[in-house]
1. When you scan region 265-274, do you find a residue that is open to solvent by 50 Å² or more (accessible area, probe 1.4 Å), aliphatic (A, V, I, L, M) and free of Cβ contacts under 8 Å to residues at least 12 places away in the same chain, even just one?
2. Open to solvent by 10 Å² or more (accessible area, probe 1.4 Å), within 16 Å of the chain's Cα centre (by Cα) and of a type outside the set (V, I, T): which single residue out of E149, E155, E171 fits that description?
3. Given the structure, is E237 at pLDDT below 95 and in a strand (DSSP E or B)?
4. Suppose the filter is within 27 Å of P79 (Cα to Cα), at pLDDT 90 or above and among the charged types (D, E, K, R); does E171 pass it?
5. Is at least one residue of region 129-142 at negative phi, surrounded by 17 or more Cβ atoms within 10 Å (Cβ to Cβ) and touching a residue at least 60 places away in the same chain (Cβ under 8 Å)?
6. Name the single residue that is modelled with the lowest pLDDT among those in region 174-187 being touching a helix residue (DSSP H, G or I) at 6+ places or on another chain (Cβ under 6 Å) and open to solvent by 20 Å² or more (accessible area, probe 1.4 Å).
7. Going by the conditions given, is K227 of a type in the set (D, E, K, R) and either closer than 20 Å to V96 by Cβ or surrounded by fewer than 17 Cβ atoms within 10 Å (Cβ to Cβ) (or both)?
8. Against the definition (outside any helix (DSSP H, G or I), open to solvent by less than 40 Å² (accessible area, probe 1.4 Å) and either modelled with pLDDT under 95 or farther than 26 Å from M111 by Cα (or both)), how does P280 come out, yes or no?
Amino acid sequence: MAAAMVSLGLGVHLNCSYSSRNFTIPLSIGTLSKGFGTNRYYIIPKKSLLLPSSTIFIPRASSSTAVEDGNYSDTDTIPIPKVIIDQDSDPDATLVEITFGDRLGALLDTMNALKNLGLNVAKANVYLDSSGKHNKFSITKADTGRKVEDPELLEAIRLTIINNLIQYHPESSSQLAMGTAFGVEPPKQQIDVDIATHISIRDDGADRSLLYVETADRPGLLVDLVKTITDINVAVESGEFDTEGLLAKATFHVSYRGKALIKPLQQVLANSLRYFLRRPSTEEASF
């Protein structure tokens with residue numbers, strides 16, 4: 001992201017192996033170039049989940065106080081939850097937007113859970129449209145006052161929000177891929193990754209290209225996408241990562257040696273991402 005992922009060029013050594021005995025959310029601390037943090041985070045899912053080996057801690061909300069207010073009957077149409085992590089719009093802060101129809105309240109406990117990750121969180125604004133109430137936050141690192149640069153911490157932010165969303169709105173778990181791990185009611189059907197995966201790359205000026213990836217969501221996806229991109233020496237400069245129900249949609253500005261990707265390299269990158277996203281990536285977790 002502009003200042004966020006600009007250093008992602010080389011030196012990524014994430015441990016993305018999978019273990020049948022590991023039931024914690026993945027993501028080890030790797031050598032993600034200069035400027036990236038070395039904090040480690042952990043989360044213990046409620047249910048067995050197919051996950052990579054190393055771990056991230058996702059703080060839960062501190063209490064069960066009324067956060068997302070409102071009572072809803074089983075006959076209500078459950079909206080699709082959306083979490084957007086925007087690294088493009090503000091050069092000084094990471095912007096996060098949460099939407100769940102008109103069901104979200106003040107989200108104070110979710111804000112507190114994010115603060116437990118070492119972040120400054122300010123409510124930016126709330127607005128309504130046809131898709132519901134949009135809650136926007138401005139997030140910076142508490143120790144530096146700067147926007148979040150570590151992809152692993154960005155993923156921790158995403159999983160923290162989703163975990164708390166499911167905690168306070170159990171009905172949302174059936175609409176989220178993470179409901180398999182955290183939710184009372186998991187999704188009724190799984191997305192076919194082959195059908196769900198769409199990748200496109202186009203020039204966005206002379207100095208960078210625009211990469212779009214849409215695929216089935218899962219824990220650790222943001223970090224794994226960045227690793228796959230940087231493994232072929234393509235730099236991730238900025239972008240946005242959206243969680244929309246069972247899908248994840250990522251838009252990255254990428255470059256190679258300060259230039260837009262030439263067509264052969266675009267094809268290599270697209271093929272690498274397709275191979276990574278479609279290959280079997282998990283095993284049954286055992287307890």
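The values are calculated or read from the model by the stated rules, or taken from the named source; none is laboratory data. Remember, predicted model here, so these are calculated numbers, not experimental data. As a convention, Cβ positions derive from the backbone with ideal geometry for all residues, glycine included, and neighbour counts pool all protein chains shown. Just so you know, the surface numbers come from the protein's heavy atoms only, side chains and all, with ligands and any DNA or RNA stripped out. Shrake-Rupley method; radii C 1.70, N 1.55, O 1.52, S 1.80 Å.
1. No, region 265-274 contains no residue that is open to solvent by 50 Å² or more (accessible area, probe 1.4 Å), aliphatic (A, V, I, L, M) and free of Cβ contacts under 8 Å to residues at least 12 places away in the same chain.
2. Testing whether each residue is open to solvent by 10 Å² or more (accessible area, probe 1.4 Å), within 16 Å of the chain's Cα centre (by Cα) and of a type outside the set (V, I, T) leaves just E149.
3. yes
4. no
5. Yes: region 129-142 contains one or more residues that are at negative phi, surrounded by 17 or more Cβ atoms within 10 Å (Cβ to Cβ) and touching a residue at least 60 places away in the same chain (Cβ under 8 Å).
6. So, considering only residues that are touching a helix residue (DSSP H, G or I) at 6+ places or on another chain (Cβ under 6 Å) and open to solvent by 20 Å² or more (accessible area, probe 1.4 Å), the one modelled with the lowest pLDDT is V184.
7. So K227 fails the test.
8. No; evaluated as a whole, the condition is false for this residue.
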